[in-house]
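Here is the structure we will look at.
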Amino acid sequence: MKVEIGKEKASRLINCGQVILVTSAYQDKRTITPCAWHMPISKDPALVAVALAKKHFSSQLIQQSKEFVINIPSWQILDKVMLCGSMSGRTCDKFSHAGLTAEKPHKLAVAVPIAESLGTLECGLRESKDAGDHYMFIGEVQYAQADDRFFINDIWDTETAQLIFHVGGKYFFPSQKTSEFKK
């Protein structure tokens, strides 16, 4: 039997998304925001999109600086990811509170990668779209890197990397071994 799902929870039917940490900065302010609503949207040029709540401090910083970093965390730092999602960057330095290390960016001016991430995408803001209670930020990838212990032959070794996936609310699961499809 199928039951009706409220529209406010409908996204959970299609979003079992990988969790990323979006870092943003402007002038002397910086923040980290967990995000499960994101996707690649073009290979040439390399474009990605992230959807962030309008009320989030990160949205303000991205609009001001015109850049952001997508950081890929592992299951081993889920507690730090959750901590970043439980406080506002307006009132505290999430890097310090979560015990995460800011690295110098390769191509960006102010948004910084997180050293504890398995990989990062440094993005220049290409476009910002109004999307209800969120903004969709479209970024052009300026630089990308990944830990070669976990990103092998151009894909994640999902069993070893243990990427974080979000199914809704406070429910998460780690990635498991990838299976190759064979006819």
On average, how much accessible surface per residue is there in the chain, in Å², for a 1.4 Å probe, leaving out ligands, DNA and RNA? 59 Å²
Beyond a 26 Å Cα-Cα separation, which of these cross-linked pairs lie in this structure: Lys107/Lys170; Lys7/Lys183; Lys9/Lys29; Lys107/Lys129; Lys9/Lys54? Lys107/Lys170; Lys7/Lys183; Lys9/Lys29
Using helices alone, I'd like the mean residue ellipticity at 222 nm for the chain: each DSSP H run of four-plus residues gives -39500 (n - 2.57), total over residue count, nearest 500. -3500 deg cm²/dmol
Which values of log₁₀ I(q)/I(0), to two decimal places, follow from the Debye formula for segment 1-105 at q = 0.13, 0.14, 0.15 Å⁻¹ with a uniform point scatterer at every Cα? -0.54, -0.61, -0.69
Segment 57-131: chymotrypsin sites (Phe, Trp or Tyr not before Pro) in DSSP loop, at most 11 other beta carbons within 10 Å: none
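Kindly identify segment 4-50 as rounded, prolate or oblate by the Cα gyration tensor criterion: order the square roots of the eigenvalues as a ≥ b ≥ c, call it rounded if a/c is under 1.5, otherwise compare a/b with b/c, prolate if a/b is larger, else oblate. Kindly include the intermediate steps, with their values, before the conclusion.
Numbers: a/c = 3.16, a/b = 1.47, b/c = 2.15.
Since a/c reaches 1.5 but b/c is at least a/b, the shape of segment 4-50 is classed as oblate.
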Given backbone amide H placed at 1.01 Å from N, residues whose amide H is under 5 Å from that of Asp157, ignoring those fewer than 5 places away on the same chain, are Phe151, Ile152
Compute the normalised compactness of the chain: alpha-carbon radius of gyration over 2.2 N^0.38 Å, N being the residue count. 1.03
Name the shape class, rounded, prolate or oblate, that the alpha-carbon gyration tensor gives for segment 77-162, where a ≥ b ≥ c are the square roots of its eigenvalues, rounded holds for a/c under 1.5, and otherwise prolate holds if a/b is larger than b/c and oblate otherwise. oblate
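The values are calculated or read from the model by the stated rules, or taken from the named source; none is laboratory data. Here the structure is a predicted model, which is why all the values come from computation and not from measurement. Here the Cβ is made from the backbone with ideal geometry for all residues, glycine too, and neighbour counts use every protein chain on show. Each accessible area value is taken on the protein alone, full model and side chains, heavy atoms only, with ligands, DNA and RNA left out. Shrake-Rupley method; radii C 1.70, N 1.55, O 1.52, S 1.80 Å.
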